[in-house]
1. How much FRET efficiency would the formula 1/(1 + (r/R0)^6) give for residue 159 and residue 646, where r is the Cβ-Cβ distance and R0 is 45 Å, rounded to 0.05?
2. Kindly state, to the nearest 0.05, the FRET efficiency for residue 523 paired with residue 597, given R0 = 25 Å and r defined as their beta-carbon distance.
3. Using packing as a proxy for protection, rank 638-645, 658-665, 39-46 so that the peptide with the highest average count of other Cβ atoms within 10 Å comes first.
4. Ranked highest first by average number of other Cβ atoms within 10 Å, how do 225-231, 110-116 line up?
5. Per Stokes-Einstein, at 4 °C and 1.567 mPa s, what whole-number D in µm² s⁻¹ belongs to segment 479-580, with the Kirkwood radius over Cα pairs as the hydrodynamic radius?
6. What's the extension gain from residue 843 to residue 82 if we count 0.36 nm per residue and subtract their Cα-Cα distance?
7. Have a look at segment 412-467 and give its Rg and Dmax from the Cα atoms, expressed in angstrom.
8. At 20 °C and a viscosity of 1.002 mPa s, what translational diffusion coefficient does Stokes-Einstein give for segment 457-496, taking Rh as the Kirkwood radius over Cα pairs? Give it in µm²/s as a whole number.
Amino acid sequence: MSGRAHLPRLLLLALVWRHLTRHRLRSALTVLGVALGVAVAVAVQLANGTALEAFARTARAVAGPAAWQVVVPGGEVPQALVPKLRPLLDVATVSPVLEAAAVTAEAAARPVRLVGVDLLAPGAFRGYASAAAGAARSAPPTDQGWPAGLWVTGEAARQLRLSVGGRLALLVNDRRVELPVLGILPSGPDTAGLDPWVAFLDVAALQEVAGRTASLDRLDLTPREGVTPEALRAAFEALHLPGLSLADPAEATRSAERMLASFRMNLMALSFVALVVGSYLIYNAVSISVVQRRREVAMMRALGALRRQIFGLFAVEALLVGSVGGLLGLGLGSVLARAAVAAVARTVDALYVDTSVGAVAWDPVPFAVGWLAGVVLSLVASAAPALEAASTAPALAVRAGSWESARRGRSGRWALLGLGLVALAGACAAIPAQGGPPWGGYAAAALLVLGASFWAPLTVEVLSVAAEWVLARLALPAPLLLGVRNFRRAVGRNGVAVAALMVGAAMTIGVATMVGSFRGTVTAWIETTLPGAFYVNPAAAGTTSGFGAIATLDPALPAVLRRVAGVVDVEAFRERVLPYAGVAIRLGAADMAVRARHGAMVLRDAGDPRTLFAACAGRDRVLVSEALAIKHGVDPGEDLVLPTPQGPHPFRVLAVYHDYASDQGYVLMDRETYRRWWRDDAITNVAIYAAPGADREALRGRLRQALGVRPVTLVSSEAIRQQVMRVFDDTFAITYALHAVSITVSLLGVAGTLAALVLERGREIAIQRQVGLQRRQVALMVMAEAGLVGLAGAVLGVLGGGLLALLLIEVINRQSFGWSVGFAIPWGFVGGTVAAVVGAAVLAGWLPARAAARARLAEAMRDG
């Protein structure tokens with residue numbers, strides 16, 4: 001027989017299984033590292049999907065089978081226009097819909113989305129109504145419609161302890177109303193996935209309750225049997241009704257997807273950091289296996305094993321670890337998903353749209369993606385050490401230290417390669433987002449982290465030289481010096497551990513720097529943009545429905561407040577949601593004459609805000625937020641065409657200002673201009689300016705007296721600032737949790753690296769013991785090396801984190817959210833992170849140090 005004999009595949013598999021089971025602790029740590037990475041990725045994917053699906057399911061349930069929705073872009077549908085749609089009744093049912101934001105009138109106020117519909121019209125709402133009406137104790141509908149009562153979900157009824165015939169007190173706009181519960185919606189296909197805090201009532205009743213008797217939000221068109229949506233659209237367009245247009249019911253969901261895209265993408269990228277760090281752990285684990293089995297590999301090669309079989313041996317080992325770790329991560333991710341859903345939902349509620357998120361939406365895709373990512377990264381991470389083991393000659397493989405000897409002298413080349421990758425990252429960072437996710441920024445971040453990890457070997461050498469120089473002059477114990485020299489000798493293996501720590505530390509420091517810089521910027525902004533002493537808001541302020549219903553105040557309220565002693569000025573403000581370029585933006589209407597006297601604004605370019613406020617008063621001129629300017633390419637001097645109830649109209653942009661309340665984009669105009677084009681007198685809140693020297697507490701008391709029993713909130717500007725910062729801190733809490741997991745995974749890698757080095761140096765440590773080195777000195781030597789690994793990772797993490805923070809602030813943040821953020825390094829946090837990483841690395845080295853100190857000398861001499 002010619003050629004070399006192949007070793008049986010079953011024998012190779014048996015060798016893999018024997019190695020994994022003989023080293024249970026190390027195998028378990030490696031599996032745990034992969035599991036943590038997969039768990040975080042799965043949990044965040046599930047949380048993202050659950051938050052969006054909660055909104056989408058409610059939107060679908062509320063829209064029912066409607067094929068089209070009749071809307072007035074940027075405004076309400078006048079009640080007077082409804083009779084003009086009667087010709088459509090031959091081809092469709094026409095269902096009026098109105099929405100309002102409310103909260104329950106209880107100590108723990110809960111937001112409630114009120115949806116007014118025609119309960120007698122056929123369609124999904126008829127299913128709700130008929131099911132609930134059977135149990136209703138109130139009178140059936142009369143010729144004038146259903147009485148002012150509610151149909152609530154079973155979950156809401158349970159939590160509020162409601163029953164049919166009971167009453168629910170609600171705060172709607174600035175009114176308190178008590179409505180009877182006419183029915184409880186049963187569980188079924190029509191209510192599947194419905195937000196539990198949605199309540200239905202007759203549209204005419206809601207018009208009275210919300211004070212909107214002359215308008216509707218939209219009209220739902222449901223085709224009759226045999227009529228296609230296209231035919232229905234043609235019938236509508238044949239009516240030639242100016243001001244009315246058709247909208248796709250699914251557009252609300254698509255708009256929410258676009259609105260949340262940047263937030264979800266950034267969170268997704270952060271969630272995979274732990275999995276990437278886990279790949280370094282796999283690399284180390286396979287390297288350890290190579291070291292432990294160098295004699296075994298040499299014997300297999302001598303017996304005829306092919307290179308590809310040796311490579312396959314270690315690849316299968318990584319495949320098993322990745323597969324088992326991935327499966328464990330799926331279970332752990334299911335548990336973590338519940339906490340992640342709550343965290344993501346809080347951020348979505350605070351920054352985007354209100355949505356009530358209940359149970360986790362169990363989508364199989366995140367599980368498949370997470371498991372596959374764990375397996376693929378495990379295989380990729382194992383490729384280099386497996387290939388090296390396969391290509392090493394049998395004679396060299398038997399020699400101790402062969403793994404390290406093959407790597408000496410390469411630090412400079414790795415550093416140059418890393419520098420090239422960082423330069424390539426700079427080129428990617430210059431790629432514009434062009435209205436989509438900042439893919440160039442994400443690629444730059446990945447290249448930056450990868451490039452910085454290639455600096456690890458050189459960092460090991462430089463730090464070891466510096467540490468040896470310092471220790472030699474301080475006359476510290478000899479084991480510390482031995483630990484420093486061992487640190488430098490194992491530049492290859494220690495470099496991998498340093499790189500893993502660097503990734504976790506750099507991401508933590510980079511994101512913390514971005515968050516700290518952002519926090520400082522927001523603090524300065526909120527101090528400038530709240531010049532009023534007090535602000536009056538509806539009780540349901542901050543609660544918006546999926547279609548943008550915002551709680552309002554009585555337009556006569558400003559006149560009441562102006563008469564209060566100590567009040568020098570009052571400003572009424574109106575906010576609403578507008579569709580623009582396929583997304584939702586915010587429109588604010590302020591009393592510009594009042595702002596010209598008191599207001600302030602942080603402008604992107606030079607200029608006097610008060611002069612700009614005065615220039616907007618009574619004119620078709622606007623100021624736009626930086627987010628809108630960046631995302632939609634709007635510059636001062638251009639016209640911004642907005643949808644109004646009277647048709648699209650251009651408004652001249654005077655300036656761009658910084659705004660961090662929302663990344664959707666904001667347009668600010670004079671309230672008189674708004675009333676002229678939108679024909680809307682409603683107001684959203686009132687700012688109260690105090691006279692100079694006025695006693696704030698005494699003024700607060702007089703204002704409360706003037707407000708009487710109105711269900712409104714009176715808050716100081718300082719209280720608003722504190723609330724904004726609480727929301728800010730809650731928003732970024734999940735990022736710190738993600739990076740804590742990343743560092744934990746990297747510390748498992750430190751323990752694995754030191755374990756490998758102890759194994760490879762078994763004979764050397766035995767000789768040191770025989771010439772007088774004590775057990776505790778051996779442990780001190782190993783832990784000194786662990787501390788240097790932590791210090792090198794932390795130092796490199798500070799450098800990489802600083803560069804990453806610049807990238808996050810100047811590229812990814814601006815392209816994702818359109819916000820300018822001043823750069824500020826949180827030195828206290830950076831110092832704390834360095835200390836924590838070094839301390840944790842020393843602790844991670846305790847088990848290998850203990851093993852080295854307790855090693856049997858005879859066995860170590862024989863195996864070395």
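No lab work stands behind these numbers, since they all come straight from the coordinates. What you see is a predicted model; the values in this text were computed from it and never measured. So basically every Cβ, Gly included, is an ideal-geometry build from the backbone, and we count neighbours across all protein chains shown.
1. Working: r = 44 Å, r/R0 = 0.97.
With a Förster radius of 45 Å, E is 0.55.
2. Calculated transfer efficiency: 0.50.
3. Details: 638-645: 17.1, 658-665: 21.6, 39-46: 28.1.
Highest mean packing first, the order is 39-46, 658-665, 638-645.
4. Values: 225-231: 11.1, 110-116: 22.9.
Those peptides, ordered most packed to least, come out 110-116, 225-231.
5. Values: Rh = 20.1 Å.
Translational diffusion coefficient: 65 µm²/s.
6. Details: separation 761, 0.36 × 761 = 273.96 nm, distance 7.30 nm.
Taking residue 843 through residue 82 to full extension adds about 266.7 nm, to one decimal.
7. My reading of the Cα-based Rg and Dmax gives 14.3, 50 Å.
8. Details: Rh = 10.1 Å.
My calculation gives 213 µm²/s for D.
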